[in-house]
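The values are calculated or read from the model by the stated rules, or taken from the named source; none is laboratory data. Remember, it's a predicted structure, so these values are computed and weren't measured experimentally. Here the Cβ positions follow ideal geometry from the backbone for every residue, glycine too, while neighbour counts run over all protein chains shown.
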Amino acid sequence: MRFFACLFFLNLFLVDVSAQTLGGSSTYNFLRMQWTPQANVLGGRNISLFNNDIGLYLDNPALLRESHHGNISANFTSIAPTIKGLFGTGAYYHERLNTTFAGGIAHLLYGNEIQTDAAGNIMGNFTAYDQMISIAASRQYEERWFYGANIKFINSRYGAYSSLGLAADIGINYYDEERMLQAGFAARNMGVQVKTYANQSEDLPFDLLLGVTKQLEKAPIRFSLTAQRLHQFDLLYNDQVFNIDNYGATVKNGFGSKILSHLIAGTDLIVGEKIVLSLGYNFLRRKELQIRNLASGLTGFGYGLRLNLNSLQFQYARTHYQSTYSQHQASIVYKLVNYEK
């Protein structure tokens, strides 16, 4: 009954997805950012892979588990020389409630900027940042099903402009250890602005995802496939005026390109018990960021490694957004308590 109650709760949130952005601009777009190297290296999103990285609950709160009890995680992201992202989280399992809880805080600092008026006169400096506090809970249903929810409190400030928001994620995860098969579903960033920047209400970057992860039985290789933004078919922006002015021709996105733009693929190569090498590819990222008539290089690709050292786990990821720009991420997961039921 609890599982069907969860599905009913999910349906209530999805009845009116028109209240969320289906295309164009939205606010709090830092919520689209991937804070954990584990998911970022697999293409930027993964809602089906369970392991001891508790930060994965940000993509799917159902990935939070009893085994995460006593784990803490610190994640560091270098986006640009002056833009840094920090995310820290910890988990606690409550035996009486049979529920795993997690709390986390994310801070994205854009640095100090010069403040000017409309005429360009310098008026001083200002700071800009986005913050998020998350509280998640997850439970198990029968043997292989898990469900969870995540509440996010948002604080955003750009100089004199500030905004407060409230968002929620809900998710389901299927985990079959014998067949080494996992699957997930998540609805992310459902919410509202409590306080607007300038008396203008904006939508949040809603996302609807499905994913599956399968490890081969006779080889140390694990594949993940994630479908993102399923509530909107055509994700590709096409500026015909720009294309004509700069390239002398229009561009048409075919049916195949529209389908592939939803997909994110990732692969893990498990080298013994200590090392995992990962590779990911995001079709939409490459399509959006490639520049016509120029080599795209590794745009859309991500790669990295994970080291499992007893109570300590280290993860590094490098993702390519353009041929001249890549993002670096690192995380440390430490197990404070060796918990066994």
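Quick look at the values:
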quantity: Qualifying residues in the range 248-293 (those that are exposed (fewer than 11 other Cβ atoms within 10 Å of the Cβ) and of a type in the set (A, V, I, L, M, F, W, C)) - the one farthest from TYR237 (Cα to Cα); calculated: ALA249
quantity: Residues (free of Cβ contacts under 8 Å to residues at least 60 places away in the same chain and basic (Lys, Arg)) located in the range 286-317; calculated: ARG286, LYS287, ARG292
quantity: Complete set of residues in the range 220-235 that are among the aliphatic types (A, V, I, L, M) and either under 30 Å from GLU273 (Cα atoms) or crowded, with 16+ Cβ neighbours inside 10 Å (or both); calculated: ILE221, LEU225, ALA227, LEU235
quantity: Any chance LEU97 is free of Cβ contacts under 8 Å to residues at least 40 places away in the same chain and in contact with a Leu (Cβ under 6 Å, 6 or more places away or on another chain); calculated: no
quantity: Answer from ALA128, ALA118 - the residue that is closer than 29 Å to GLN193 by Cβ, out of contact with any helix residue (DSSP H, G or I) (no Cβ under 7 Å at 6 or more places or on another chain), modelled with pLDDT under 95 and not in a strand (DSSP E or B); calculated: ALA118
quantity: Single residue of the range 1-54 satisfying the filter (surrounded by 12 or more Cβ atoms within 10 Å (Cβ to Cβ), among the aromatic types (Phe, Trp, Tyr) and modelled with pLDDT under 50) that is farthest from PHE87 (Cα to Cα); calculated: PHE3
quantity: Any hit, the range 61-68, residues being hydrophobic (A, V, I, L, M, F, W, C), assigned to a helix (DSSP H, G or I), without any contact (Cβ under 8 Å) to a residue 24 or more places away in the chain and within 18 Å of PHE146 (Cβ to Cβ); calculated: no
quantity: Residues that are at pLDDT 90 or above and basic (Lys, Arg), drawn from the range 320-341; calculated: LYS335
quantity: Index of the failed condition, ILE133 passing every other in (1) under 30 Å from LEU49 (Cβ atoms); (2) crowded, with 16+ Cβ neighbours inside 10 Å; calculated: (2)
quantity: Some residue of the range 173-187 being on the phi > 0 side of the Ramachandran plot, assigned to a strand (DSSP E or B), touching a helix residue (DSSP H, G or I) at 6+ places or on another chain (Cβ under 7 Å) and modelled with pLDDT of 95 or more; calculated: no
quantity: Residue tally, condition under 22 Å from LYS214 (Cα atoms) and at pLDDT below 90, over the range 255-314; calculated: 2
quantity: Subset of the range 268-297 (residues that are assigned to a strand (DSSP E or B) and either farther than 20 Å from GLN322 by Cα or hydrophobic (A, V, I, L, M, F, W, C) (or both)); calculated: ASP268, LEU269, ILE270, VAL271, ILE275, VAL276, LEU277, LEU279
quantity: Scope the range 57-84; condition surrounded by fewer than 22 Cβ atoms within 10 Å (Cβ to Cβ) and in contact with a Gly (Cβ under 7 Å, 6 or more places away or on another chain); matching residues; calculated: ILE72, ALA74, ILE79, THR82, ILE83
quantity: Residue within the range 212-230 that is assigned to a loop (DSSP other than H, G, I, E, B), within 19 Å of ALA39 (Cβ to Cβ) and without any contact (Cβ under 8 Å) to a residue 60 or more places away in the chain present; calculated: yes
quantity: Contacts under 8 angstrom Cβ, first residue in the range 74-86 being within 14 Å of MET33 (Cα to Cα), partner among the charged types (D, E, K, R), 6 or more apart; calculated: PHE76/LYS84; THR77/LYS84; SER78/LYS84
